[in-house]
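A quick write-up on the structure given underneath.
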Amino acid sequence: MVSGIYGCHDAAMSGELRTVRWSRPLAGRLLSPALAGGLAALALVEAAAIVVLRSVVNPVGLEVILASAGVGLLFVMAGLLGWARRPASLMGPAMVLTGVLWNAGRLQGPVPLPMVVVAFVATSIGLALIVYMLLADPAGRLASPLDRLIVVLALLAGVRDIPSVSGANPLQDALSSPAPATLSWVLSVVGVLTIATAIVMVVARWWRSSAPARRTITPIYVAALVVGLRAIAQEVVVSAGLIGKGSDVLKLAELASFALIPLSVLLSLLRAELARTAVADLVIELGQTPEPARLRTVLARALGDPGLEVLRWSPERFAYVDDAGQAVEPSARAGSRAVTLLERSGRPLAAIVHDPALLDDPGLMPSVATAMRLEVENEHLQAEVEKQLGEVRRSRARIVEAGDAERKRVERNLHDGAQQRLVALSLTLGLLRSKMGSNADPALIAQLDSVSRELKEALAELRDLARGIHPAALAQAGLGAALLNLAERSPVPVVIEQVPQGRLPATVETTAYFVASEALANVAKYARATRAAVSAVVCDDCLTIEVRDDGVGGADPNLGSGLLGLTDRVEAVGGRLSIESPAGGGTRLVADIPMDPARPAVAGANGEG
Amino acid sequence: MRVILADDSLLFREGAARLLSDAGFEVVGQASNGAELLDLVRRAKPDVAVVDIRMPPTHTDEGLRAAEAILAEHGQSVGVLILSQYLESAFALRVATEGQGGLGYMLKDRVSDLDEFTEAVKRVGRGGVVIDPGVVAQLVGRRRVKGPLDELTEREREVLALMAEGRSNMAIAERLFVTEKTVEAHIAAVFSKLELAPAADDHRRVLAVLTYLRVG
């Protein structure tokens, strides 16, 4: 049994939540505080009148009178609460009306005849309304002709049943004179059959209901079952003549069973309230479970709807996608299900395909929507941050690579330009000098030699400058040769323990070289070391370069731009730099440089930085 | 002596060609990259090729690779003197390791020292080894943890450096104004102090000494 499926696409906007439901709001928002107050007051007045009138006549015990008025009030209370909670359902108004009519039906005693007639009609309608409420769907409609027949029969049974409460039924008096026993027997059989059919239908309806729907209707149906069985039992007991028709026990049992109906409605509303609380917990739980499939599981559990589906909006594909990544049109799932669309500033976020019964509580889906929106938005943000981080990482690596390429270009320009010209110039000078022979002016020869010396010094300086910009050895002979060169030039004795044999990606070699170069420069400047060691080892997907010395230690990577710059340099290509430098215990600097900057090295000590 | 010049700078080639011609060499060809050089060596059959290490297309170590190709193809008959604007001990070692000699590695600036340059070309042409004094000085002067090198006398260190440059005993004796016998005695002392096995010829000696200096 699926409630409220219409062909039309009835979208109701409520804040940012858009609920696509295939049902129409019936009672709407008719209930105003004034109306509620008026109905409650009417019920109270009725209750007071019942107590006063019945006390005067006093055909039954006081407890029966009080219970009788109390049941009516309970109906009114539960009805008003239900009406407020589920404005779309006819159940609330029906219950209030039942309460009012119920109490009107108890207005018996020394009252004028019209009043008695009103009481008869009211009692009949009230009883029929109770049956109607039990058979109607949550939206308040009777689905089958049989349902309607049962309600009509209940109306008649209510008329017949009046004397059990009033003890004075002119209608029955009129009917009973020709063949009272036969008529009574027929009415009893019809009543029992009606009640039995109603019970079967209620049980069948419960059986067909979805899990979320059952959560709401179970208490009410249990109450209905009790009312029905009690009525049958009474019919049987009275017909068998075991207990007199007007006995207080029967009346109290009857009242108690009817009282179960408003109480069960209150229980049902309470359960819905608890479901909302469960949804509130959802926010917390979702925060701890980021996987998409978990979201579905958690939601399904919180809402008690195992068939619940979450379709996420994929802006790239411009479609909703399920957990398997398949594009899905939500309305295609809407056959027997309701779809709630989540939006943010007009942009779709997700769609929840769920049991339509979840819409009976208008507060539920908005709570879910809020929780979901937080979660989905969180996911979006996280994905966005990840994406941006990736971009920043890549751009940082690109900047470093571009810097290296630029250094290389400058070095090459120096080599092919200024250095080459100066070498050629030096060569020409040498030629000139040799041509002059030994007979030339000694002053001129001395001058020429001086120029030649100056030129050589200029060349040497230029060479050092170019080496600092980008060591030719790195491009020509690789990291191993360049590290040996560094060691040969270091003022502190350096042992090169291990170098990689083959060539590595240019960025890796350059980064490792600058790490060693900067580290050895620091050793020479600050460490007061007697020796240092360098090792470069290729591991799985990275190069680990280590520089250590036996100096004074106490190097702080946060002080001085040298080490900080080095850290930046290494991290820019996805690597990790760690420095151990206890005071007096030497310094050990380790850099892990990934072969591929897109797959960053994970240094054990540093973790994510 | 027939010489070929290979360098991507025309300016340098022309200057060096004039300098060598003036010094009595016969410059039989010029090349601007490795491929041209190999082709030219095949056709002109020079005694020596003077080659810049950095040439197109990669501007890294084409000269060295061309030298290795020439040695492989022509053996001792063609000597190669490699010129470079930077001195790398790694390349010096490669030069010393290659073949049976006839290979040199020299700083390009030194071309302006006419005597040094022509002497180097001649030595390579005769099948000798030439290692730039700058590389040797850097290796000998390198700071190292205390070791056998500290046991050498000043004169022994001089002899060691000259050996590493690829000079013969006679050349060393001339340089230091001592007899060849004295040089031999110094060399024996050096090898014994450094615990090196005596080398059979000059270029093996260069390799042994360079390797020691570089690793030790």
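Computed values, structure above
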{"read-out": "When residues of the range B:74-116 are limited to those that are among the aromatic types (Phe, Trp, Tyr) and closer than 19 Å to B:His203 by Cα, the one nearest to the other protein chains (Cβ to nearest Cβ)", "value": "B:Phe91"}
{"read-out": "Residue in the range A:323-338 that is farthest from A:Val376 (Cα to Cα), counting only those that are open to solvent by 30 Å² or more (accessible area, probe 1.4 Å) and modelled with pLDDT of 80 or more", "value": "A:Arg337"}
{"read-out": "Residues of the range A:75-87 satisfying the condition of being open to solvent by 30 Å² or more (accessible area, probe 1.4 Å), under 18 Å from A:Leu364 (Cα atoms) and of a type outside the set (Lys, Arg)", "value": "A:Leu81, A:Ala84"}
{"read-out": "Looking only at the range A:17-47, and only at residues there that are among the basic types (Lys, Arg) and part of a strand (DSSP E or B), the one that is modelled with the lowest pLDDT", "value": "A:Arg21"}
{"read-out": "Spans of strands (runs of 3 or more DSSP E) in the range A:465-579 with at least 1 residues open to solvent by 20 Å² or more (accessible area, probe 1.4 Å) and among the hydroxyl-bearing types (Ser, Thr, Tyr)", "value": "A:542-549"}
{"read-out": "Residue under evaluation B:Val27, criteria (1) in a helix (DSSP H, G or I); (2) among the hydrophobic types (A, V, I, L, M, F, W, C); (3) within 14 Å of chain A (Cβ to nearest Cβ), criterion not met", "value": "(1)"}
{"read-out": "Scope the range A:431-454; condition of a type in the set (A, V, I, L, M) and facing another protein chain (nearest Cβ under 8 Å); matching residues", "value": "A:Leu431"}
{"read-out": "Close pairs from the range B:42-54: first more than 14 Å from chain A (Cβ to nearest Cβ) and more than 14 Å from B:Gly79 (Cβ to Cβ), partner of a type outside the set (D, E, K, R) and outside any strand (DSSP E or B), Cβ under 9 Å, at least 6 apart", "value": "B:Arg42/B:His74"}
{"read-out": "The range B:202-216: number of residues that are open to solvent by 30 Å² or more (accessible area, probe 1.4 Å) and touching a residue at least 24 places away in the same chain (Cβ under 8 Å)", "value": "5"}
{"read-out": "Some residue of the range A:352-359 being open to solvent by 80 Å² or more (accessible area, probe 1.4 Å) and modelled with pLDDT under 90", "value": "no"}
{"read-out": "Among (1) away from chain A (no Cβ under 14 Å); (2) open to solvent by 40 Å² or more (accessible area, probe 1.4 Å), the one test that B:Leu37 misses", "value": "(2)"}
{"read-out": "Unmet requirement for A:Asn439, which otherwise passes all of (1) over 30 Å from B:Arg214 (Cα atoms); (2) among the polar types (S, T, N, Q); (3) in contact with a helix residue (DSSP H, G or I) (Cβ under 7 Å, 6 or more places away or on another chain)", "value": "(3)"}
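The values are calculated or read from the model by the stated rules, or taken from the named source; none is laboratory data. Since we're looking at a predicted model, the values are computed, not measured. Using ideal geometry, Cβ is built from the backbone for each residue, glycine included, and neighbour counts are taken over all protein chains shown. Just so you know, the surface numbers come from the protein's heavy atoms only, side chains and all, with ligands and any DNA or RNA stripped out. Shrake-Rupley method; radii C 1.70, N 1.55, O 1.52, S 1.80 Å.
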